[in-house]
Amino acid sequence: MAKAWDGVITMPLSGRSVKPRTTGITMVIDKGLGLARLKDLLETAGDYIDIIKLTFGTSAFYDKDYLRRKNELIASAGVEVMPGGTFLEVAFWQKNIAGYFQRAQELGFTAIEISDGTIDIPLPQRRDLIKQALDRGFKVITEVGKKDPRQALPIALTHELINSDAECGAFKVIIEAREAGKGVGIYDTEGQIKEEEIDNIVAGVNDPEILLWEAPLKNQQQALIIRWGVNVNLGNIPPDEVLALEALRQGLRGDTLRRAYTANPEWSK
């Protein structure tokens, strides 16, 4: 479909992937969008959204038929939809994973997040959960890291989990940063990136492109784009920020336009 400025404006930063993407994933965090607002979001920004996560346990509070309609709308736009990993942790704790996966299918979810950000799931069970989800036809996105910074994982275990998830067939592995993006994982309490932490994570990962960095704040998105390029995988993006993020990716905001301009001040097509 032709975009409004095609043939007039060339994107300052080239190489942006298109759907269906394997890199440059944008995962949106949905804390309770209604159908009307969701429809507007998909009509305006659906080309730039790859996954919508109905975060935490929010989908527990929807009417069943309403949730089916919501998930059908998302899937019809070529976007994966998944419940938050907190739900899976509860199902694992309550020993009802089979029922959880079955209901997720009935409700129209197309992807499953497997995490242990709050409870502990031993590695053999984690691997089995990935296999069960894949066998049911879900796209699997896993998450590594604890929500409480006092329980931060040793870097060797972080590497083991990421590489194991990849070997088991996970599509992407999220690096935990919570919705606030402060004081957890690769971010300090002010939301600034801890570069050394990123270096430590990437150093032991067999395929860094499998990583999906939670980056709810603009400064985090900008820093990760500058570091990894337009097709870095980013998550926990607020719905209203999708097009702003895409502009940042493609050099249509001052921060990344300046870099494109500096690299090539004499533009030539």
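The values are calculated or read from the model by the stated rules, or taken from the named source; none is laboratory data. Bear in mind that the values here come from a model prediction, so they are computed numbers and not experimental data. Positions of Cβ are generated from backbone atoms using ideal geometry, with glycine treated the same way; all protein chains shown enter the neighbour counts.
Taking the range 167-176 only, how many residues are at pLDDT 95 or above and crowded, with 19+ Cβ neighbours inside 10 Å?
5
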task: Take the range 208-232 and flag every residue that is out of contact with any helix residue (DSSP H, G or I) (no Cβ under 6 Å at 6 or more places or on another chain) and assigned to a loop (DSSP other than H, G, I, E, B).
output: Pro216, Leu217, Gly229, Asn231
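Can you tell me which residues in the range 85-112 are assigned to a helix (DSSP H, G or I), without any contact (Cβ under 8 Å) to a residue 40 or more places away in the chain, out of contact with any Lys or Arg (no Cβ under 7 Å at 6 or more places or on another chain) and surrounded by 15 or more Cβ atoms within 10 Å (Cβ to Cβ)? Before you say what the answer is, go through the steps one by one.
As a first pass, look at the range 85-112 and keep what is assigned to a helix (DSSP H, G or I): 85-93, 97-106.
Subsequent filtering for residues that are without any contact (Cβ under 8 Å) to a residue 40 or more places away in the chain retains 86-87, 89-93, 97-106.
Now narrow it down to the ones that are out of contact with any Lys or Arg (no Cβ under 7 Å at 6 or more places or on another chain): 86-87, 89-93, 97-100, 102-104, 106.
Once the filter is applied, which keeps residues that are assigned to a helix (DSSP H, G or I), without any contact (Cβ under 8 Å) to a residue 40 or more places away in the chain, out of contact with any Lys or Arg (no Cβ under 7 Å at 6 or more places or on another chain) and surrounded by 15 or more Cβ atoms within 10 Å (Cβ to Cβ), the range 85-112 yields Thr86, Phe87, Glu89, Val90, Ala91, Phe92, Ile97, Tyr100, Arg103, Ala104.
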- prompt: Would you call Ala156 in a helix (DSSP H, G or I) and surrounded by fewer than 16 Cβ atoms within 10 Å (Cβ to Cβ)?
  reply: yes
Residues located in the range 228-242, provided they are more than 15 Å from Met27 (Cβ to Cβ) and aliphatic (A, V, I, L, M): Val230
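Results for (1) modelled with pLDDT under 95; (2) crowded, with 18+ Cβ neighbours inside 10 Å; (3) in a helix (DSSP H, G or I); (4) touching a Ser or Thr at 6+ places or on another chain (Cβ under 7 Å), shown as yes or no for each residue.
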| position | (1), (2), (3), (4) |
| --- | --- |
| Gly117 | yes, yes, no, no |
| Asp120 | yes, no, no, no |
| Asp128 | no, no, yes, no |
| Ala133 | no, yes, yes, no |
| Thr142 | no, yes, no, yes |
| Leu161 | no, yes, yes, no |
| Asp165 | no, yes, yes, yes |
| Arg178 | yes, yes, no, no |
| Val184 | yes, yes, no, no |
Matching residues in the range 8-46 - criterion: being surrounded by fewer than 19 Cβ atoms within 10 Å (Cβ to Cβ) and among the polar types (S, T, N, Q): Thr10, Ser14, Ser17, Thr22, Thr23, Thr44
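Residues checked against (1) β-branched (Val, Ile, Thr); (2) modelled with pLDDT of 95 or more; (3) within 22 Å of Leu212 (Cβ to Cβ); (4) touching a strand residue (DSSP E or B) at 6+ places or on another chain (Cβ under 6 Å):
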{"site": "Met1", "(1), (2), (3), (4)": "no, no, no, no"}
{"site": "Val8", "(1), (2), (3), (4)": "yes, yes, no, no"}
{"site": "Asp30", "(1), (2), (3), (4)": "no, yes, yes, yes"}
{"site": "Leu33", "(1), (2), (3), (4)": "no, yes, yes, no"}
{"site": "Arg37", "(1), (2), (3), (4)": "no, yes, no, no"}
{"site": "Leu41", "(1), (2), (3), (4)": "no, yes, yes, no"}
message: Against the definition (touching a residue at least 60 places away in the same chain (Cβ under 8 Å) and part of a strand (DSSP E or B)), how does Gly235 come out, yes or no?
response: yes
- line: So, first residue closer than 21 Å to Thr189 by Cβ and without any contact (Cβ under 8 Å) to a residue 12 or more places away in the chain in the range 142-166, second residue surrounded by 21 or more Cβ atoms within 10 Å (Cβ to Cβ) and among the small types (Gly, Ala, Ser), Cβ within less than 7 Å, six or more apart or across chains; the pairs are Leu153/Gly145
message: Just to be sure before I move on: is Ile114 among the β-branched types (Val, Ile, Thr), in contact with a strand residue (DSSP E or B) (Cβ under 9 Å, 6 or more places away or on another chain) and over 23 Å from Tyr48 (Cβ atoms) in the structure I sent?
response: yes
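In the range 58-69, which residues are charged (D, E, K, R) and within 19 Å of the chain's Cα centre (by Cα)?
Taking the range 58-69 as the starting set, the residues that turn out to be charged (D, E, K, R) are 63-65, 68-69.
Within the range 58-69, no residue meets the criteria.
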- prompt: Which of the residues belonging to the range 70-82 are more than 17 Å from the chain's Cα centre (by Cα) and either over 25 Å from Thr23 (Cα atoms) or among the acidic types (Asp, Glu) (or both)?
  reply: Lys70, Glu72
message: One residue is enough: does the range 195-207 have a residue meeting the conditions buried (at least 21 other Cβ atoms within 10 Å of the Cβ) and touching a Pro at 6+ places or on another chain (Cβ under 7 Å)?
response: no
